Each structure stands twice: as structure tokens, then as C-alpha cells.
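The values are calculated or read from the model by the stated rules, or taken from the named source; none is laboratory data. Quantities reported herein were computed from a predicted structural model and do not represent experimental measurements. Note: ideal-geometry Cβ built from the backbone for every residue, glycine included; neighbour counts use all protein chains shown.
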Amino acid sequence: MVRLLSHYVPANTLLQTALDACLLLLAVMLGLLLQTQGSAVVLTESLQPAILFALLVTVINGALGLYRHDLPRSFGGAAARIILALLLGLCVLYVVLVLMPCRSACEEALAISGTLSLAAVLLLRATLLHRLDPRVFSRHILVVGTGPEAALVEQALAASGMRGMLLLGFYPIDAGEVAVSSGQILSPTSTLTDVVNDLAVDEIIVAVRERRGGVLPLTELLQCKLEGVSVIDLSTFFERLRGEVRIESLRASWLIYGEGFRQGFVRTIIKRSFDLSGALVLLVVSLPFMLLAAFAIKLESKGPIIYQQERVGQAGRVFRVKKFRSMYSDAEADGKPRWAKANDDRITRVGRFIRKTRIDELPQIFNVLMGEMSIVGPRPERPFFVAQLSQQIPFYAARHSVKPGITGWAQVRYKYGDTVDDAVHKLQFDLYYIKNQTLLLDLLILFRTMTVVLSGEGAH
């Protein structure tokens, strides 16, 4: 994993992205080279549009989920996404190239470039999916501990599908509960330093609940770190691998003394400028869809088009969030707040569509313009549920240290939540966002939101 502006990015994702961009650029230049018999003038004039094409297709690949390690690894699905990305990229490349002096040669080279691009990227994808040994370029991981915390690490690595991390085994340090695969428990007769050297360990994950009383081999851990082996705790592991801050491994001292959680004046100004500019652009782009949604809502059922509801915002202040009404007017006639469920019979037919496409959230643009919300941030919750969850979940109030958002890290990483357990999982992602928020992470979340909207993931 590589830490890029406070956000962890898998190293193999960066490598794959760079390889795709290079192959696409080389394919376009090779197509022009074959068509123009090596004309230096044409190649020079076409370099910028070729770079634009390579970057654009790579960005579209990312938006379509080709670089996400948490999605099913299917060559057929990857091929369909690549073809769609190339078709969109070629359309833009055509528009750019026809404006260049080498118009005729460039237009004829498009077919060659497109074919070469498609073949190159599909070949690379097939190699990465089916041919590459997962042990190649893998980071060798050793877990210290064999209890429930160590089992969480084992489960997380297995579920991640990430090929860049190879679990070598578990080093036992006490005679407590064993919750991991017995076949992967290493012999305790060798010292930790010897095990690390013999197995060529790159990273040690300390997965032990109780660290006091001389349980941990601190001297050996220090020696390993001095020899260049990375040593991390359970909180850092989950933050890096899954983009979340685990509640069960969280301590108040870590929140106080740890890195992140910066809420300075400069950050506030940058965030507000980003929100205003983004909201205005989004308002202009989405206005036709908003008008159609308003007409459909009014046509289907009685009641207001815009539904306003109290939500808890930054510093615990209550505001009224704006949404297109997706339920019948008497959805909560008894006055008791309820979470929306899958196949909720309170939702109208139009409501199901606008919820699935997230059109119902668009009026919140006005909440952003009024300064009550941000484009990106934790989703605001109703006061009734906030009071309930604050009593049941540690550190729940921490999510109110920033403005709530139209979309957020929890929304693009976790399913729609309607239980306390779901709220815990979403809080873990929200804490990661609050701790590591940067403009880059905001852009990444918007990028992932496009994928979620297009695929309809998590809509209720």
C-alpha cells in the first residue's frame, strides 16, 4: 500500500493504472506511426491528444471499477468495461484530433490505434487476472497473535482479494484462545527475529488485545523495525487495507495523539470553495433531471414535491435536509421514525426509481449552497437515531465534527444501512474520512459515487 496525500492506495492498483496508461499511449502513437510512415511532424503534433486519450480512458476505467480489488475478478466483465471505456475515449480522441493540422492522417489512424489499444489492454488484463502468480511482487505478512484479533486480520485479507499481500502465518505469544487456522500457526520455539529473517517477512501486524504485562516481545519487535521490517497495529492495518477505523480496536488516546483529524482554517476555506463550485456545476447539469423528477412526483401521488426532514449536522446543529419526496405523504402517520427497508411499501413507484438513481438527493445541492452540508462528508442522520446510536456506539459523536455530505466514504464503501450494526460499520468508514480528509479523497469519493449511481449499488 502507498500513502498518497493521507489516503492509502494499493501499490498494485497504481502499477496497473500506470501500465494501462502507457500501453494506451504507445498504441495510439504506434497507430499514427504505421499510418504516416514515421512522420516526425505528425507524431509531434499528435502527442498531446494521444496523452489525453490515454489519461481519459484510464480515468474511465477507474470510474467503471476496473481498478477496484473488492469487485469480482471476471475477465468477461473486465473486457466489457474496457471496450466501453475505449469507445468513449475514441470519441473524445476523434474530436481532438480533427482539430489538428494532421486531420486526415489522424482520422485514418484511429481504427489502427483503437484496435491496438484494445488488444494491448485486454492482453494485460488477461495476464494480470489469470497468469500472474499471486506470490510475485507480494508483500510478505506475519501476524503476531493467534486470538480473535488475529482471526480478523486473516478474514480481512481473505475477503479483500488483494494479490499484493501474502499471509505467511501467525506467531503465537501466549497460551490464550486460538481463533485462527491451526495449520498457519508457526512454531514458538524460534524467536520472532529468527522467524522474520527465515521467512523474509516484509511486515508484522500486531494483533493482540492485551499488550501490558510483558505479553509482547517488544525488544524483538524493535529489532525487526530497525532492520527495515514494517511493524503496525490492528488499527493501522484496517485503516490501510479497508479504509476504515475499527471501533473494537480504537482507543481515545489514539484519536487524541494520532495523526489526522485536522480541521484548520485553510482546510475549511478549501473545502467551502470546492463545495460552492461543485454545487453550482452540479445544479446546472442536474436541473433537467430535477424538473422531470418534480413533474413525475406530482403526477403520481398527492403531497409536496420536496420533502424536508430534520437532520443533525456539524457540531450537533439540527437543520432541515431537502430531498425529492420518494414516499407516500402518510409514510410515518404514527409519528414514529423508522429506517427505510429493502422493498419498503411506503415508497412510491417514482420514488423507487429516483432512489435507485440517487436523483432524490439532488435538492440537497441547496443545503450545500446554504452552508449546512458539504458535497462530500458523513451522511446526516435524524435526531431520534443520533440520540439512540450515540448511547450504543462509542465515538459516534465524532462524525459531527465535520459537515455532513450528499455523498461520503461510507456510502461508496458500504451498503445501505438500516440496523445498529450497519451504523457501526458506516461509522468506521466515516471516522476514516474525518481522519484523512483531503481534496484528493473528496475527488476519489465523487469518482466512486459515479460508479455507484451507474450500477445502482446499495439503493433502497
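Take VAL2 and tell me if it is touching a strand residue (DSSP E or B) at 6+ places or on another chain (Cβ under 7 Å) and at pLDDT below 70. It is true that VAL2 is touching a strand residue (DSSP E or B) at 6+ places or on another chain (Cβ under 7 Å) and at pLDDT below 70.
Take ALA80 and decide whether it is exposed (fewer than 13 other Cβ atoms within 10 Å of the Cβ) and either outside any loop (DSSP other than H, G, I, E, B) or modelled with pLDDT of 70 or more (or both). In short, yes.
Filter region 398-443 down to the residues that are β-branched (Val, Ile, Thr) and in a helix (DSSP H, G or I) and list them by number. Listed by number, the residues that qualify are VAL412, VAL420, VAL424, ILE434. Got at least one residue in region 391-401 being buried (at least 20 other Cβ atoms within 10 Å of the Cβ), closer than 20 Å to ARG267 by Cα and not acidic (Asp, Glu)? So far as region 391-401 goes, yes, one or more of its residues are buried (at least 20 other Cβ atoms within 10 Å of the Cβ), closer than 20 Å to ARG267 by Cα and not acidic (Asp, Glu). Taking the criterion of being of a type in the set (Phe, Trp, Tyr) and assigned to a helix (DSSP H, G or I), the residues of region 260-296 that qualify are PHE265, PHE274, PHE289, PHE295.
Scan region 354-361 and give yes if some residue there is aliphatic (A, V, I, L, M), in a helix (DSSP H, G or I) and modelled with pLDDT under 95, otherwise no. Within region 354-361, one or more residues are aliphatic (A, V, I, L, M), in a helix (DSSP H, G or I) and modelled with pLDDT under 95. Looking across VAL412, VAL452, one residue alone is out of contact with any His (no Cβ under 9 Å at 6 or more places or on another chain) and crowded, with 21+ Cβ neighbours inside 10 Å. It is VAL412.
Residues that are more than 18 Å from VAL412 (Cα to Cα) and among the polar types (S, T, N, Q) were ranked within region 362-389; the one that is modelled with the lowest pLDDT is GLN388. Candidates in region 144-175 are the residues that are closer than 13 Å to ALA207 by Cα and part of a loop (DSSP other than H, G, I, E, B); of these, the one that is modelled with the lowest pLDDT is ASP174.
Let's see how each residue does on (1) among the aliphatic types (A, V, I, L, M); (2) modelled with pLDDT under 85; (3) outside the structural domain of LEU282 (by TED's automatic domain parsing):
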position	(1), (2), (3)
ALA398	yes, no, no
ILE406	yes, no, no
ASP422	no, no, no
TYR432	no, no, no
MET450	yes, yes, no
